[in-house]
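All remarks here apply to the structure that follows.
The values are calculated or read from the model by the stated rules, or taken from the named source; none is laboratory data. All of these numbers come straight from a predicted model, not from anything done at the bench. So basically every Cβ, Gly included, is an ideal-geometry build from the backbone, and we count neighbours across all protein chains shown.
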Amino acid sequence: MLKAVYPGSFDPLTNGHVYIAKRAADIFGKCVIAVLDNSEKKSMFSKAERVDMIRSVFKNDKNISVAAYDGLLVDFMKKEKSRVIVRGLRALSDFEYEFQIAQLNRQLAPEVETFFIATEPRFSFLASHAVKDVFKWGGNISDMVPQEILERMVKLQNKD
Ligand code: ADP
């Protein structure tokens, strides 16, 4: 059994992310969702909140765990003793960015391999930033994110 690491900012986790994590756990045996802060994106939820929210989504999936990390992904891979990075692909437009990161990680840690999982067509237009925009303007996002995530978003909105 292998352990895959699925890194991302997941701000917030969408049904597209859920699909990739479940697929990775199914194919490789185990999946660790690794939550990071993307320096180019301002986050809606803190990293600790995101870890907590994602844990609640996968509370019944024994082969999926959630961890936070800082720094280099390849160092996290060593810590987790995993050689499998999983990333999701929605469209060709994701490819260039993903390929660049995969090559960079290959250079830093040649023993680690990046695997890409193509999303289901129904998730191919789903992105965290779009979910945040639709929600902000009062649109219905209940088909885009798990129920636990929707509840946390509503709670945060009511706090503001
Ligand atoms: P990052 O900030 O690292 O891009 P994201 O949380 O936006 O993190 O995405 C994490 C990973 O999940 C990326 O590989 C991204 O391509 C993938 N992903 C995002 N949305 C979807 C989706 N709807 N279907 C499949 N994969 C997705």
For this session: Determine which member of the set Ser43, Ser93 is hydroxyl-bearing (Ser, Thr, Tyr), modelled with pLDDT under 95, farther than 21 Å from Met153 by Cβ and within 14 Å of the ligand (Cβ to nearest atom).
Result: Ser93
Exercise. Could you give every pair whose Cβ atoms fall below 7 Å, whose first residue belongs to segment 91-112 and is under 21 Å from Ser124 (Cβ atoms), and whose second residue is not basic (Lys, Arg), counting only separations of at least 6 or pairs across chains?
Worked result: Ala91/Ser124; Phe95/Leu89; Glu98/Leu89; Glu98/Phe116; Ala102/Thr114
Problem set entry | Qualifying position, being within 12 Å of the ligand (Cβ to nearest atom) and either more than 24 Å from Ala25 (Cβ to Cβ) or not small (Gly, Ala, Ser) (or both), among Leu72, Leu126 | Leu126
Exercise. Restricting attention to segment 5-28, does a residue exist that is crowded, with 22+ Cβ neighbours inside 10 Å, in contact (Cβ under 8 Å) with a residue 40 or more places away in the chain, of a type in the set (Val, Ile, Thr) and assigned to a helix (DSSP H, G or I)?
Worked result: yes
Seminar exercise, completed: Considering residues that are not hydrophobic (A, V, I, L, M, F, W, C) and not in a loop (DSSP other than H, G, I, E, B), the number found within segment 46-95 is 15
Exercise. Any idea how many residues of segment 100-112 are in contact with a Lys or Arg (Cβ under 6 Å, 6 or more places away or on another chain) and either within 15 Å of the ligand (Cβ to nearest atom) or aliphatic (A, V, I, L, M) (or both)?
Worked result: 1
Exercise. So which residues in segment 61-99 are more than 24 Å from Asn15 (Cα to Cα), touching a Lys or Arg at 6+ places or on another chain (Cβ under 8 Å) and acidic (Asp, Glu)?
Worked result: Glu80
Seminar exercise, completed: Of the residues in segment 38-47, those that are among the charged types (D, E, K, R), touching a residue at least 12 places away in the same chain (Cβ under 8 Å) and over 19 Å from Ser65 (Cβ atoms) come to Lys41
Exercise. Filter segment 129-154 for residues that are closer than 20 Å to Cys31 by Cα and not in a helix (DSSP H, G or I); which is farthest from the ligand (Cβ to nearest atom)?
Worked result: Pro146
Problem set entry | So Glu98, is it out of contact with any Cys (no Cβ under 9 Å at 6 or more places or on another chain) and outside any helix (DSSP H, G or I) | no
